[in-house]
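The values are calculated or read from the model by the stated rules, or taken from the named source; none is laboratory data. All figures in this text were calculated on a predicted structure; none of them were measured in a lab. Methodologically, a virtual Cβ is constructed for each residue, glycine included, from the backbone with ideal geometry; neighbour enumeration extends over all protein chains shown. Side chains are part of the model used for accessible areas, which takes the heavy atoms of the whole protein and leaves out ligands, DNA and RNA. Shrake-Rupley method; radii C 1.70, N 1.55, O 1.52, S 1.80 Å.
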Amino acid sequence: MTSNGSTNGTSSHASDTATWTVKAGLAQMLKGGVIMDVVTPEHAEIAQEAGACAVMALERVPSDIRAAGGVARMSHVRMIKEIQATVSIPVMAKARIGHFVEAQILEAIGVDYVDESEVLTPADDVHHIDKHNFKVPFVCGCRNLGEALRRISEGAAMIRTKGEAGTGDIVEAVRHMRSLWSDIRRIQGMRDDELYVVAKDMQVPIDLVRQVRTLGKLPVTNFSAGGVASPADAALMMQLGAEGVFVGSGIFKSGAELDDGTASGHKKMLDSQRAMATAIVKAVTHFNDPQILAEVSMEIPDSMRGQSVSSMAPSELLAGRGN
Amino acid sequence: MTPATSGSRAPASDRERALIGVLALQGDFAEHIASLRACGVEGIEAVEVRTLEQLAAVDGLIIPGGESTTIARLLIAFGLMEPLRDRIRAGLPAWGTCAGAIMLANEVTNLDRPPIAAMDITVERNAFGRQIDSFEADLDIAGMEGPPLRAVFIRAPVITRAGAGVEVLSRIEDGRIVAARQGRLLATSFHPELTADHRMHALFARMVLGAMASSAVGTT
């Protein structure tokens with residue numbers, strides 16, 4: 001196994017685990033799909049049934065993390081294991097930025113991907129996890145190309161633009177995706193000798209800058225996260241260049257008003273969430289077909305109420321954590 | 001085999017090339033399209049398939065890697081499952097990689113939706129465990145010239161039973177089957193679309209061209 005992002009460091013063995021190809025490869029299998037935040041096995045079941053390509057096991061969805069305040073940590077191991085036992089699709093889980101022991105624990109229980117996430121309270125305000133040291137692959141957030149390439153140089157095998165989690169406001173997700181692609185297009189128009197300054201300014205390895213210019217995209221799969229609350233939002237992010245979407249609060253915070261505390265109210269809420277989840281999955285597949293998007297949008301309940309990012313104080317924003 | 005370019009082929013169509021579709025509901029369909037375009041076989045064109053019209057137009061189909069539950073649900077949701085099954089059973093050449101192999105199998109352990117069920121094999125999902133057990137290995141493929149194929153297995157299935165008409169193309173070291181062919185159908189546990197070795201794509205492209213040539217002979 002090599003840790004420098006290539007598979008040619010050692011001679012070819014009969015069988016190698018945790019190679020870069022294998023780590024980045026799972027993210028490639030998730031493309032065109034929706035990864036859903038779930039906090040219970042019941043949610044995980046609904047997500048799988050709706051066609052999620054993976055679930056993200058969390059203690060609370062981001063909007064509840066916002067509401068509750070306090071310190072947000074890795075989810076309870078017992079809950080993650082219950083979710084693993086419930087679904088056959090990949091199970092991801094979040095570790096705090098820089099908290100490599102949470103990541104070790106998640107690897108030990110066999111999660112399929114670790115999200116080193118700004119949505120949780122950072123454990124280290126300087127360093128990220130050295131992700132090359134793990135067999136489990138990592139996904140990390142970014143607001144722009146520099147952040148993305150720094151995370152990849154640390155070993156991230158998948159990237160998601162951050163957006164602003166738990167708001168139901170798509171504006172930050174759009175800003176981050178546009179920024180990323182704008183930088184990629186700018187680099188593609190550059191001469192060889194101009195790339196050094198880009199690497200210097202972005203504080204990233206020159207090799208990754210060269211790779212981005214050659215590929216015309218990030219060298220790993222890139223999803224969108226943070227604010228998707230409707231099928232239209234999901235399709236918007238796909239048309240802006242996402243290869244798939246993460247949806248958190250947008251599904252399991254929708255329809256909350258239907259749960260009046262009775263069993264039938266609870267069921268109505270779950271049915272409504274199921275409808276939203278299914279519609280977002282369909283919208284990601286047919287993100288370029290307005291006719292199908294219109295049909296899909298007929299089937300959905302009201303989106304979560306949400307919170308406009310422009311009304312929030314800078315200290316309330318999560319995306320600036322871990323740059 | 002050289003592609004059939006004579007006018008004797010496909011009289012109902014004025015297409016010069018074989019149209020090879022890649023089912024593009026979810027998964028790594030873009031990688032398959034890139035591999036087909038790079039595989040060096042002349043006379044093929046690669047296209048994404050998401051709709052009934054696109055499915056009707058293709059001469060061969062790849063079902064890519066992805067999540068088999070997701071792909072199965074989307075096939076059903078968009079009314080593609082029955083038409084796809086009908087076309088494959090009527091002789092459309094098809095190749096499934098990983099999730100795609102699961103979709104083609106007659107029997108799947110641990111899948112709650114019926115797959116396309118066209119190939120006489122039984123497939124076990126996630127046969128190697130979770131992602132940390134995913135791996136790469138060198139494989140010998142029956143009939144393939146050159147060095148062993150570097151194969152990438154990601155949360156991969158294995159073929160636990162191959163029926164009488166099924167040719168086993170490759171096994172891993174412990175003997176389990178990871179590639180098989182039955183007539184015009186091909187199933188692989190691994191992902192040739194993730195490497196720069198396009199020999200499996202060339203193999204399938206020639207299967208599609210061969211099927212077109214033989215059906216053209218049959219109709220003239």
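Numbers at a glance
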{"read-out": "Helix A:206-215 axis, angle to chain A major axis (alpha carbon atoms, nearest 10°)", "value": "60 degrees"}
{"read-out": "For chain A, built as a Gaussian network whose Cα springs stay under 10 Å, the top-fluctuating residue of A:Met312, A:Met92, A:Met276", "value": "A:Met312"}
{"read-out": "Å² per residue, accessible surface of chain B at 1.4 Å", "value": "38 Å²"}
{"read-out": "Accessible-area value, B:Arg89, 1.4 Å probe, nucleic acids and ligands omitted, Å²", "value": "150 Å²"}
{"read-out": "Filter on A:Lys162/A:Lys217; A:Lys31/A:Lys268; A:Lys131/A:Lys162; A:Lys31/A:Lys253; A:Lys162/A:Lys268 - keep pairs with C-alpha separation over 27 Å", "value": "A:Lys31/A:Lys268; A:Lys162/A:Lys268"}
{"read-out": "Within chain B, helix-based [θ] at 222 nm, where runs of 4 or more DSSP H residues each add -39,500 (n - 2.57), nearest 500", "value": "-8500 deg cm²/dmol"}
{"read-out": "Kyte-Doolittle mean at least 0.0, axial Cα span of 20 Å or more - DSSP H helices of chain B", "value": "B:199-219"}
{"read-out": "Cut-off 17 Å, label 7 Å out along Cα→Cβ of A:Glu257, residues of the stretch A:293-323 by amide N", "value": "A:300-308"}
{"read-out": "Fraction of beta bridges assigned by DSSP in the stretch B:12-218 that are antiparallel (%, nearest 5)", "value": "45 percent"}
{"read-out": "Computed over chain B: relative contact order in percent, which uses C-alpha pairs under 8 Å that are six or more apart", "value": "21 percent"}
{"read-out": "Under Karplus coefficients 6.51, -1.76 and 1.60, residue-wise ³J(HN,Hα) of the stretch B:159-167 in Hz, glycine/proline x", "value": "8, 8, 8, 10, x, 4, x, 9, 8"}
{"read-out": "Prolate/oblate/rounded call for the stretch A:14-133, Cα gyration tensor, a/c under 1.5 rounded", "value": "oblate"}
{"read-out": "C-alpha long axis of helix A:41-50 to longest principal axis of chain A, angle in °", "value": "80 degrees"}
{"read-out": "Share, in percent, of DSSP beta bridges within the stretch B:97-159 that are antiparallel, nearest 5", "value": "65 percent"}
{"read-out": "Label-to-label distance, nm, for residues given as A:Ala294 and B:Glu167 (7 Å Cα→Cβ offset)", "value": "5.0 nm"}
{"read-out": "Cα-based shape type of the stretch B:126-174, given that a ≥ b ≥ c are square roots of the gyration tensor eigenvalues and the cut on a/c is 1.5", "value": "oblate"}
{"read-out": "Rg to Rh quotient for the protein assembly as shown, alpha carbon positions, Kirkwood Rh", "value": "0.97"}
{"read-out": "GNM top mover of B:Ile62, B:Ile88, B:Ile172 - chain B, alpha-carbon springs below 10 Å", "value": "B:Ile172"}
{"read-out": "Per-selection Rg to Rh, the stretch B:12-218 - Cα, Kirkwood hydrodynamic radius", "value": "0.93"}
{"read-out": "Heavy-atom accessible surface of the stretch B:12-218: percent carbon and sulfur, 1.4 Å", "value": "50 percent"}
{"read-out": "Farthest toward positive dipole pole in the stretch B:12-218 [+1 Lys/Arg, -1 Asp/Glu at C-beta], among B:Gly43, B:Asn110, B:Gly100", "value": "B:Asn110"}
{"read-out": "Peptide B:92-99 - average C-beta neighbours from other chains (10 Å radius)", "value": "1"}
{"read-out": "Estimated FRET transfer efficiency when R0 is 51 angstrom, pair B:Asp86-A:Ser264 (beta carbons, to 0.05)", "value": "0.80"}
{"read-out": "Principal-axis tilt of helix A:263-285 within chain A, Cα atoms, nearest 10 degrees", "value": "40 degrees"}
{"read-out": "Candidates A:Ala275, A:Ala156, A:Ala103, ranked by Gaussian network fluctuation over chain A, Cα under 10 Å, top entry", "value": "A:Ala275"}
{"read-out": "Antiparallel bridge percentage (DSSP; both residues within the protein assembly as shown; nearest 5)", "value": "30 percent"}
{"read-out": "Amide N of the stretch A:31-66 lying under 14 Å from the label point, which is placed 7 angstrom from the Cα of A:Thr121 along Cα→Cβ", "value": "A:65-66"}
{"read-out": "Ellipticity estimate at 222 nm from DSSP helix runs (n ≥ 4, -39,500 (n - 2.57)) divided over chain A, nearest 500", "value": "-12500 deg cm²/dmol"}
